[in-house]
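Report on the structure given below.
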Amino acid sequence: MPSLEEELFPSTPGKFKIDRSHNTMNRQFHRCFASTSTMFLWALFLIALTASYLSFQSFVDSGSRYLSASWGGIQWEKQVRNSAQIHRQGGMSVLVTGAAGFVGTHVSLALKKRGDGVVGLDNFNTYYDPSLKKARKSLVESHGVFVVEGDVNDARLLNKLFDVVAFTHVMHLAAQAGVRYAMENPGSYVHSNIAGLVTLLEACKSANPQPAIVWASSSSVYGLNEKVPFSESDQTDQPASLYAATKKAGEEITHTYNHIYGLSITGLRFFTVYGPWGRPDMAYFSFTRNILQGKPITIYRGKNRVDLARDFTYIDDIVKGCVGSLDTAGKSTGSGGKKRGPAPYRIFNLGNTSPVTVPTLVSILERHLKMKAKRNVVDMPGNGDVPFTHANISLARRELGYKPTTDLQTGLKKFVKWYLSYYGYHHGKAVN
Ligand SMILES: O=C(O)[C@H]1O[C@H](OP(=O)(O)OP(=O)(O)OC[C@H]2O[C@@H](n3ccc(=O)[nH]c3=O)[C@H](O)[C@@H]2O)[C@H](O)[C@@H](O)[C@@H]1O
């Protein structure tokens with residue numbers, strides 16, 4: 001005969017002996033209890049199984065993130081913190097997005113050299129030769145600027161950066177640049193210039209303290225505007241390219257973050273920036289390469305055979321405008337995602353105020369390179385280009401002390417010198 005204990009807690013769950021000597025009610029009670037405890041044990045087993053699966057999954061997730069992501073960890077945080085250290089009284093700590101880009105490199109160096117803390121962020125995409133971006137990264141890192149490899153669309157990374165450093169300013173230069181490439185790859189413009197911008201603004205909005213933001217808009221927002229020179233108060237609702245449209249959208253999007261969350265915003269409309277360490281996709285750069293290699297260059301011409309013209313602006317002047325914007329930005333007023341008062345919202349033209357035609361640009365390059373270009377002049381295709389740009393810079397002069405000092409002759413001379421030293425030049429042929 002089984003003991004009472006054996007009957008109440010059968011040693012083999014789900015299996016119990018039928019004792020015909022017990023009455024029917026007793027049997028039913030036992031059966032019911034045994035099946036309930038079986039279910040209970042099964043349920044426990046399933047819960048344990050699910051819990052261990054989930055924790056294994058999260059272990060795998062975080063493990064693979066640390067293995068695949070190039071950021072995170074104690075050492076990484078230390079590098080970020082060191083790079084953000086301020087070394088002058090009243091200095092700022094700046095997150096520079098697009099730090100391995102053309103303008104980002106120069107601005108990072110200028111800030112670091114005067115003692116500000118700078119942390120760079122760049123996704124090193126392949127829109128143009130990433131080895132040039134890596135070389136720029138080495139340059140800024142040799143001056144103590146740590147560049148994080150990551151995308152402005154990565155909200156977790158941005159939040160982490162703001163956890164590690166209380167940035168006072170963000171210099172947002174990461175973008176999909178280039179006017180004509182927008183017809184080939186429209187999605188990349190939406191990804192970087194719209195989605196990436198919003199992700200960055202969300203991180204800035206939530207950061208405590210909120211940083212002030214200075215970011216790169218573009219002269220292309222003036223689109224088909226015919227009134228010259230272009231002033232910030234002019235109409236900008238006729239963009240000629242998707243690139244221009246995303247930059248214009250950026251101006252509207254940043255306005256809403258200023259209005260709702262109290263973020264201090266300064267948008268800079270850059271006018272065809274050129275110089276050493278420049279972008280290979282831009283005309284002055286690709287013309288130089290082709291002239292040196294004896295290849296033809298295509299020069300677009302506007303309606304009625306009118307030459308296209310640009311208000312080419314030298315990089316050092318642009319850097320002064322960027323730094324001046326950071327210095328005068330004024331604080332963001334929000335905290336905890338809530339606006340506490342009105343914050344500055346500013347837009348400035350950063351141009352040179354002296355447009356030069358594209359054929360003249362080519363002539364200057366020919367002089368500096370001591371080589372003739374093989375010119376192939378064609379009518380401007382409908383590719384998003386505008387016929388001319390010309391900046392009115394009175395506002396930037398007044399508010400930022402912006403005063404460009406480098407003309408195209410001088411600036412291109414410096415560019416050519418850099419180009420030849422970077423790529424090399426042997427017997428009339430550039431290496432590369
Ligand atoms: O200022 C700006 O807002 C813009 O300046 C440049 O855009 P863009 O002025 O078109 O500069 P380039 O691509 O260097 O072109 C300069 C001029 O050369 C012309 N060009 C370009 C390429 C070419 O093969 N042939 C040619 O004649 C273009 O039509 C344009 O008139 C940058 O590429 C944009 O990222 C920036 O936002």
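The values are calculated or read from the model by the stated rules, or taken from the named source; none is laboratory data. All of these numbers come straight from a predicted model, not from anything done at the bench. For neighbour counting, all protein chains shown are included, and Cβ atoms are generated from backbone atoms with ideal geometry for every residue, glycine included. For accessibility, only protein heavy atoms count, side chains too; no ligands or nucleic acids. Shrake-Rupley method; radii C 1.70, N 1.55, O 1.52, S 1.80 Å.
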Residue match in segment 137-145 (condition: more than 18 Å from Thr105 (Cβ to Cβ) and touching a helix residue (DSSP H, G or I) at 6+ places or on another chain (Cβ under 9 Å)): no
Every residue from segment 386-417 that is open to solvent by less than 20 Å² (accessible area, probe 1.4 Å) and within 11 Å of the ligand (Cβ to nearest atom): Val386, Thr389, Ala391
Selection count where residues are surrounded by fewer than 24 Cβ atoms within 10 Å (Cβ to Cβ) and of a type in the set (A, V, I, L, M), scope segment 89-111: 3
Filtered residues of segment 246-263 (kept if among the small types (Gly, Ala, Ser) and either without any contact (Cβ under 8 Å) to a residue 12 or more places away in the chain or outside any helix (DSSP H, G or I) (or both)): Gly262
Residue pairs meeting the criteria (Cβ under 7 Å; at least 6 apart or on separate chains; first more than 12 Å from Tyr128 (Cβ to Cβ) and near the ligand (Cβ under 7 Å from one of its atoms), in segment 270-282; second assigned to a loop (DSSP other than H, G, I, E, B) and open to solvent by less than 10 Å² (accessible area, probe 1.4 Å)): Phe271/Asp311; Phe271/Gly351; Phe271/Thr389; Thr272/Asp311; Thr272/Thr389
Qualifying residue in segment 150-166 (condition: free of Cβ contacts under 8 Å to residues at least 24 places away in the same chain and assigned to a helix (DSSP H, G or I)): yes
Looking only at segment 193-213, and only at residues there that are open to solvent by 30 Å² or more (accessible area, probe 1.4 Å) and among the hydrophobic types (A, V, I, L, M, F, W, C), the one that is nearest to Gln176 (Cα to Cα): Ile194
Failed criterion for Leu263 (all others in (1) within 16 Å of the ligand (Cβ to nearest atom); (2) crowded, with 24+ Cβ neighbours inside 10 Å hold): (1)
Flag for Ala216 being touching a Phe, Trp or Tyr at 6+ places or on another chain (Cβ under 7 Å) and within 16 Å of the ligand (Cβ to nearest atom): yes
Residue within segment 317-328 that is hydroxyl-bearing (Ser, Thr, Tyr), within 28 Å of Gln235 (Cβ to Cβ), within 12 Å of the ligand (Cβ to nearest atom) and assigned to a loop (DSSP other than H, G, I, E, B) present: no
Flag if Arg367 is more than 15 Å from the ligand (Cβ to nearest atom), farther than 30 Å from Arg397 by Cα and assigned to a helix (DSSP H, G or I): yes
Qualifying positions in segment 328-364 - open to solvent by 10 Å² or more (accessible area, probe 1.4 Å) and closer than 19 Å to Ser394 by Cβ: Thr328, Pro344, Tyr345, Arg346, Ile347, Asn352, Thr353, Ser354, Pro355
Candidates Ile347, Ile291 - the one that is more than 28 Å from Val228 (Cβ to Cβ), within 15 Å of the ligand (Cβ to nearest atom), touching an Asp or Glu at 6+ places or on another chain (Cβ under 8 Å) and in contact (Cβ under 8 Å) with a residue 12 or more places away in the chain: Ile291
Those residues of segment 370-418 which are closer than 27 Å to Gly302 by Cβ, of a type in the set (S, T, N, Q) and assigned to a loop (DSSP other than H, G, I, E, B), in sequence order: Asn383, Thr389, Asn392, Thr406
Evaluation of Thr246 against (1) open to solvent by 50 Å² or more (accessible area, probe 1.4 Å); (2) within 11 Å of the ligand (Cβ to nearest atom); (3) of a type outside the set (Gly, Ala, Ser); (4) farther than 22 Å from Asn352 by Cβ (one fails), failing number: (1)
For Gln238: the one exception among (1) of a type outside the set (Lys, Arg); (2) over 25 Å from Val118 (Cα atoms); (3) open to solvent by less than 40 Å² (accessible area, probe 1.4 Å): (3)
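Find the residue count for segment 163-183, including only residues that are under 24 Å from Gly72 (Cα atoms), under 17 Å from the mean Cα position of the chain (by Cα) and open to solvent by less than 30 Å² (accessible area, probe 1.4 Å).
Selection size over segment 163-183: 7.
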